[in-house]
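Visitor: Below you will find the structure I want to go over with you.
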Amino acid sequence: MRTRNGPTLLVADDDRKSMLSVVQVANGLGYNCVTATTGATAWREFSRFRFDLVVADLNMPGGDGAVLARRIRTCSGTPVVLLTELGPTSLDVCGIADLAGIEVLAKPFSAAAVRDAIETNIRTVLEPAQTLSETEGAA
C-alpha cells in the first residue's frame, strides 16, 4: 500500500469515476493514495494509518463525508477536502461549517481544481523546512 515516500492521501468516494480522477491527479503529483467507497471504510483506513490529506465525497453510503470529517477532527488536524454538488453552503447544511481545515470542492471538478486543492492542503502538513519539490524528489 505504501510503496513510495511522500504524502499519502485517503480518497473516499462511492462514484468510481470521481475517485479515479482524484487518484490520477494525486499520483501524477507523486503522492500515494488509499481508496475507500464508503464512509465506514474510509474511517477504518484513517484509524489504521497516518494520512496527510483526506479527499472525500460529501454524500456516500456508510457514513458520509460530513460524518468522516467530524470523526477526523476528534483525533487529528489532517486537512479534509469534501467533494460535493452542493457547493460551500453544504458545510452549513451538514453542521460542520465550524470545523477548521475543511475545504469544499464543487462537483463536477476539473483536474486543475483537484490539483490546486491537493497542493494547497498538502502544504499545510509539510514541515516548515520541507518544500514540495523536496517531497516530490523523495517519491
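FYI, it's all coordinate maths here, none of it is from the lab. Every value quoted in this text rests on a predicted model; they were computed, and no experiment measured them. Note that we place each Cβ from the backbone using ideal geometry, even for glycine, and neighbour counts take in every protein chain shown.
Visitor: Given 4 °C and 1.567 mPa s, how large is the Stokes-Einstein diffusion coefficient of the stretch 28-83 in µm²/s, with Rh as the Kirkwood radius over Cα pairs?
Guide: 115
Visitor: How much length is gained on full extension from Ser47 to Cys75, taking 0.36 nm per residue of separation minus their Cα-Cα distance?
Guide: The span from Ser47 to Cys75 would gain 9.1 nm if fully extended.
Visitor: May I have the pair-distance distribution P(r) for the stretch 6-53, computed from all Cα-Cα distances with 5 Å bins from 0 and rounded to whole percent?
Guide: Values per bin, smallest distances first: 5, 24, 32, 24, 13, 1.
Visitor: Rounded to the nearest 0.05, what FRET efficiency do Val125 and Leu86 have when you use their Cβ-Cβ distance and R0 = 30 Å?
Guide: Values: r = 26 Å, r/R0 = 0.87.
The calculated FRET efficiency here is 0.70.
Visitor: So what's the net charge close to Asp15: Lys and Arg +1, Asp and Glu -1, counting the other residues with Cβ under 9 Å from its Cβ?
Guide: Cβ neighbours under 9 Å give a net charge of 0.
Visitor: Using r as the Cβ-Cβ distance of Asp116 and Lys17, and R0 as 22 Å, what FRET efficiency do you calculate, to the nearest 0.05?
Guide: That gives a FRET efficiency of 0.65.
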